[in-house]
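The values are calculated or read from the model by the stated rules, or taken from the named source; none is laboratory data. The structure presented is a predicted model; accordingly, all values stated were derived computationally and were not measured. Glycine gets a Cβ as well: all are built from the backbone with ideal geometry, and neighbour counts include every protein chain shown.
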Amino acid sequence: VAPIRTQVAIVGAGPAGLVLAHLLHLRGIESVVLEARSRGYLEQRVRAGVLEAPTVQLLCDAGVGERLQRESLRHRGISLRFDRTDHHLDFVALTGRSITVYGQQEVVKDLIAARLAAGLPLHFEVADVRLRGIETDEPEVAFTDGDGVHRILAAPVIAGCDGFHGVCRPQIPAGRLTVFERDYPFAWLGILAKAAPAQEEVTYAHSDRGFALASMRTAEMARLYLQVPPDEPLEDWPDGRIWDELNARLAVEGSAPLNVGPILERGVTTMRSFVVEPMRHGQLFLAGDAAHIVPPTGAKGMNLAVADVAVLAEAVERFFATGDSALLDGYSVRCLRRVWRAEHFSWWMTSMLHLAPGADAFERRLQLSQLRYVTSSEAAATSLAENYVGLPYGS
Ligand code: FAD
Ligand code: DHB
């Protein structure tokens, strides 16, 4: 079979790969997207839910925000619960910007629909993806398509958007990347329940029993999380135990219990901080979870993926329009500034809110002091708020 030629080969159709493909299309640059999973799988995979203001702006400016604007929930802020009291942070008052609740798989659905409606190449259920010649000007991606046919994709630029467990990053020779990593001694048990959310806004709770988070997807659908030990078996958590524990951790003086409903989806997510530097090797550019992971507290993962590809799309456009690779050469440094800010924020939110096994009274007092500070000092609250709503691109 003759090689397929394109300008940018994109491995992975998560938020990073799909947003990149769309931004390139708007700039008149051809790409081919290769995805290991099926369309159905991507569209039902429950993950992140909070979009930063810059992410919403980018999606709307790119013409894929129509359903988002109609169906998403716009929130003024979040709540932090501790000492059995609810403390509301009003991000609109503090920063002039709000946050948006809209499931990651809804963003993915909108982007897949836009790509297929435009008749642009997106191959699902590919296998055996291998990169060749990434240190040359003529790199290739070999893969087996959904019909079992072996194919070659030739493209001057390759975007590794294939997530943390993808194949692109491991093909960079050992010693060419510096890896920064932290594991956390806990995980999140997450559920999606057909039950009206009891809180109006996303609520983070710090309690003696551990951390809990009450979020939502729609007016009828709650998304809830509990801190659990790493590798916690789901069998140990029958529905009744999940609801009881959520109620115990989220309770404040005078609050009503959560609305209970059928649990439609459940899973345990490990918590990790991870960054590779640089986010590039030769003609391979890593974006999103392929290059960095944050623990989920603060909801930065998907937003960082979108921020990376906004930078990459501009750099790729310059390269193909003029042959000038200066922006491509600056891609990694520019992205890593934002990445490290989000790494710090996510680590800080995680450390402030969770109960580390074996934490002593000194650490507990520091956590409470910090929680009281961010909910009572306008300066401290504004710092949390501007990070949460998303710092402007380029800052
Ligand atoms: P991904 O979304 O992982 O997309 C990568 C894509 O590449 C996938 O579709 C994958 O199938 C594909 N792929 C992998 N290998 C190959 C291959 N060899 N060939 C072709 N395709 C390949 N963030 C939050 O902010 N809040 C949350 O609550 C939250 N929950 C999460 C729960 C889970 C279980 C996980 C895994 C992540 C969660 N995240 C959360 C993080 C957030 O979802 C990610 O940061 C975001 O998905 C990153 O987008 P991405 O496009 O870089 O990677
Ligand atoms: C959600 C996830 C997060 O990690 C977070 O910090 C807030 C909300 C969510 O899935 O809705």
**Item:** Pairs, first touching a residue at least 60 places away in the same chain (Cβ under 8 Å) and closer than 18 Å to Glu106 by Cβ in segment 13-25, second among the hydroxyl-bearing types (Ser, Thr, Tyr) and away from ligand 2 (no atom under 16 Å from the Cβ), C-beta under 6 Å, six or more apart
**Value:** Ala21/Ser31
**Asked** If you check Arg241 against the conditions, is it at negative phi, surrounded by fewer than 22 Cβ atoms within 10 Å (Cβ to Cβ), within 16 Å of ligand 2 (Cβ to nearest atom) and not hydroxyl-bearing (Ser, Thr, Tyr)?
**Response** no
**Asked** So Thr178 clears everything in (1) polar (S, T, N, Q); (2) under 23 Å from Val339 (Cβ atoms); (3) within 16 Å of ligand 1 (Cβ to nearest atom) except one condition, right? Which one?
**Response** (3)
**Message:** Can you go through Arg341, Arg334 and tell me which one is farther than 30 Å from Gly28 by Cβ, in contact (Cβ under 8 Å) with a residue 12 or more places away in the chain, away from ligand 2 (no atom under 15 Å from the Cβ) and in a helix (DSSP H, G or I)?
**Reply:** Arg341
**Request:** Please enumerate the residues belonging to segment 244-282 that are out of contact with any strand residue (DSSP E or B) (no Cβ under 9 Å at 6 or more places or on another chain) and hydrophobic (A, V, I, L, M, F, W, C).
**Result:** Ala256
**Request:** Please identify the pairs in which a residue from segment 38-54 that is over 14 Å from Gly267 (Cβ atoms) and assigned to a loop (DSSP other than H, G, I, E, B) has its Cβ atom under 8 Å from the Cβ atom of a residue that is away from ligand 2 (no atom under 12 Å from the Cβ) and small (Gly, Ala, Ser), counting only partners at least 6 apart or on another chain.
**Result:** Glu52/Gly390
**Residue that is nearest to Arg37 (Cα to Cα), among those in segment 113-133 that are within 14 Å of ligand 1 (Cβ to nearest atom) and aliphatic (A, V, I, L, M)** = Val126
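Conditions tested, residue by residue: (1) within 20 Å of the chain's Cα centre (by Cα); (2) among the aliphatic types (A, V, I, L, M); (3) exposed (fewer than 14 other Cβ atoms within 10 Å of the Cβ); (4) farther than 23 Å from His292 by Cβ.
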{"residue": "Tyr184", "(1), (2), (3), (4)": "yes, no, no, no"}
{"residue": "Gly190", "(1), (2), (3), (4)": "yes, no, no, no"}
{"residue": "Ala193", "(1), (2), (3), (4)": "no, yes, no, yes"}
{"residue": "Glu232", "(1), (2), (3), (4)": "no, no, no, yes"}
**The lone exception for Pro392 - which of (1) over 21 Å from Cys168 (Cα atoms); (2) of a type outside the set (Phe, Trp, Tyr); (3) touching a Pro at 6+ places or on another chain (Cβ under 8 Å); (4) at pLDDT 95 or above it fails** = (4)
**Asked** So which of Gly267, Gly301, Gly261 ends up being of a type in the set (Gly, Ala, Ser), within 22 Å of Tyr102 (Cα to Cα), touching a residue at least 60 places away in the same chain (Cβ under 8 Å) and in contact with a Lys or Arg (Cβ under 6 Å, 6 or more places away or on another chain)?
**Response** Gly261
**Item:** From Gly49, Gly103, Gly77, residue being among the small types (Gly, Ala, Ser), within 16 Å of ligand 2 (Cβ to nearest atom) and over 29 Å from Ile158 (Cα atoms)
**Value:** Gly77
**Fill in**
Sole miss for Ala93 among (1) of a type in the set (A, V, I, L, M); (2) crowded, with 16+ Cβ neighbours inside 10 Å; (3) without any contact (Cβ under 8 Å) to a residue 40 or more places away in the chain is condition (2)
**Item:** Hits in segment 295-310 - residues which are more than 15 Å from ligand 2 (Cβ to nearest atom) and surrounded by fewer than 24 Cβ atoms within 10 Å (Cβ to Cβ)
**Value:** Ala310
**Message:** When you check Leu391 against the structure, is it surrounded by fewer than 22 Cβ atoms within 10 Å (Cβ to Cβ), touching a helix residue (DSSP H, G or I) at 6+ places or on another chain (Cβ under 7 Å), assigned to a helix (DSSP H, G or I) and not polar (S, T, N, Q), yes or no?
**Reply:** no
**Message:** Can you pull out every residue in segment 265-294 that is surrounded by fewer than 22 Cβ atoms within 10 Å (Cβ to Cβ), closer than 28 Å to Asp137 by Cβ and within 15 Å of ligand 2 (Cβ to nearest atom)?
**Reply:** none
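From the list Asp110, Asp86, pick out the single residue that is within 16 Å of ligand 1 (Cβ to nearest atom) and either at pLDDT 95 or above or touching a Cys at 6+ places or on another chain (Cβ under 6 Å) (or both).
So the residue among Asp110, Asp86 that is within 16 Å of ligand 1 (Cβ to nearest atom) and either at pLDDT 95 or above or touching a Cys at 6+ places or on another chain (Cβ under 6 Å) (or both) is Asp110.
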**Message:** Here is a check on your reading of the model: is Val311 over 16 Å from the mean Cα position of the chain (by Cα), within 15 Å of ligand 1 (Cβ to nearest atom), aliphatic (A, V, I, L, M) and assigned to a helix (DSSP H, G or I)?
**Reply:** yes
**Request:** Output the residues belonging to segment 173-182 that are part of a loop (DSSP other than H, G, I, E, B) and under 23 Å from the mean Cα position of the chain (by Cα).
**Result:** Leu177
**Request:** Among the residues of segment 94-110, count how many are more than 22 Å from Leu353 (Cβ to Cβ), touching a Gly at 6+ places or on another chain (Cβ under 9 Å) and of a type outside the set (D, E, K, R).
**Result:** 3
**Residue, surrounded by the most Cβ atoms within 10 Å (Cβ to Cβ), within segment 154-175, restricted to residues that are more than 15 Å from ligand 1 (Cβ to nearest atom) and at pLDDT below 95** = Pro173
